[in-house]
Amino acid sequence: MEPVTHFLTGACLGRAGLNRKTRYATLAGLLAAEAADLDIFWGFAGPVEELKHHRGITHTFWAVPVVAGVVVGAIWTFDHWRNRGHRREAKAAGQSGLLTGLLDRKMKAPTERDMGQATAGSIAPAQPVHWGWLYLTAFIAALSHLLLDWTNNYGLRPFFPFNPRWYAGSFMFIAEPVLWALFFLAFFAPWVLGLADREIGVRRTAFRGRGWAIFALAGTLVLGCWRWAEHSSAQWLRLGHGQRRPIRSRSRPDDHEWHMGNASISSRRPSTAESAERCTTFGVERASRAGSEGHGSRSG
């Protein structure tokens, strides 16, 4: 699939409830869901190298735990750099002890009451980082990339290099507008509802949008199942299983005849004499037609 679908799928996975378990869940899902397509940088080596390596080792089952680990490592580096910056500012201000205590208190796991509701305009307590949950989020998002790429006709090689076979579902288009609409609704609707809540001063939840994210993911699953059923039905009809009478074949060394319904198609191989006779007849017909056309033009 194209990058937009991968990014939004990963973000919805994070917002569907995993962001209640750990900080950076949405960020981890967003990055891991698209990380496999980093093989496009082979394009700098030329179009041949890009075609040879695209959907290669990064689109395999073996790469999923590696991709998840790299994403979590990148987020750990960002988190470490971010906290180091806070400590440096605290030391420069001469309030290291007080601000460090406030920072440690901020990093503690908030209570259910703190995370459940907050007054309009207030800042919710910081969500702690649980690296196990964060790795699980990145792992699921990386798997979603393989699943989505399998649905289109390009396919992927999930067991490469041990098995170079391509697998393709061929029932979803690479750019699917219905999925865009579902994901747009999942992110836009909570924002609009949040604006309305702030205007009337209603208490707001800390993790808005979980229901909409689940709705978008469920809609993606339903759409995929529907397209797969349509594709399977088309394949069934193409193979002739939808006819009233099954396809029969009679074969002899030089005569093949297929019967489909009430029609029959013969592919008997003509003999040399029959071929010569057909060529002669065709030549005579062409000569007669050319003579008639020439006579008509002279008459005119």
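The values are calculated or read from the model by the stated rules, or taken from the named source; none is laboratory data. Being a predicted model, the structure only gives us computed values, none of them experimental. As a convention, Cβ positions derive from the backbone with ideal geometry for all residues, glycine included, and neighbour counts pool all protein chains shown.
For region 22-30, check the following and say yes or no: at least one residue is at pLDDT 80 or above, polar (S, T, N, Q) and in contact with a helix residue (DSSP H, G or I) (Cβ under 8 Å, 6 or more places away or on another chain).
Taking region 22-30 as the starting set, the residues that turn out to be at pLDDT 80 or above are 22-30.
Applying the additional criterion that residues be polar (S, T, N, Q) yields 22, 26.
Imposing the further condition that a residue be in contact with a helix residue (DSSP H, G or I) (Cβ under 8 Å, 6 or more places away or on another chain) reduces the set to 22, 26.
Yes, region 22-30 contains a residue that is at pLDDT 80 or above, polar (S, T, N, Q) and in contact with a helix residue (DSSP H, G or I) (Cβ under 8 Å, 6 or more places away or on another chain).
Restricting to region 139-180, give me the number of residues that are part of a helix (DSSP H, G or I) and not polar (S, T, N, Q).
Step one: filter region 139-180 for residues part of a helix (DSSP H, G or I), giving 139-151, 177-180.
This time we only want the ones that are not polar (S, T, N, Q), so: 139-143, 145-150, 177-180.
The qualifying residues number 15.
The selection criterion, being part of a helix (DSSP H, G or I) and at pLDDT below 90, does not hold for PHE183.
Which ones in region 40-63 are basic (Lys, Arg) and either exposed (fewer than 11 other Cβ atoms within 10 Å of the Cβ) or in a helix (DSSP H, G or I) (or both)? Show your work before the answer.
Residues of region 40-63 that are basic (Lys, Arg), as a first pass: 52, 55.
LYS52 - this is the single residue of region 40-63 that is basic (Lys, Arg) and either exposed (fewer than 11 other Cβ atoms within 10 Å of the Cβ) or in a helix (DSSP H, G or I) (or both).
Regarding HIS80, is this residue in contact with a Phe, Trp or Tyr (Cβ under 8 Å, 6 or more places away or on another chain), more than 24 Å from ARG210 (Cα to Cα) and not aliphatic (A, V, I, L, M)? Show your work before the answer.
Details: in contact with a Phe, Trp or Tyr (Cβ under 8 Å, 6 or more places away or on another chain): no; more than 24 Å from ARG210 (Cα to Cα): yes; not aliphatic (A, V, I, L, M): yes.
No, not satisfied.
Counting the residues of region 49-63 that are among the β-branched types (Val, Ile, Thr) and either modelled with pLDDT under 80 or within 15 Å of the chain's Cα centre (by Cα) (or both) gives 2.
Here ARG82 meets each of (1) among the charged types (D, E, K, R); (2) at pLDDT below 90; (3) over 23 Å from GLY14 (Cβ atoms) with one exception, condition (3).
With respect to the stated conditions, GLY17 is closer than 24 Å to VAL178 by Cα, over 13 Å from the mean Cα position of the chain (by Cα) and of a type outside the set (A, V, I, L, M).
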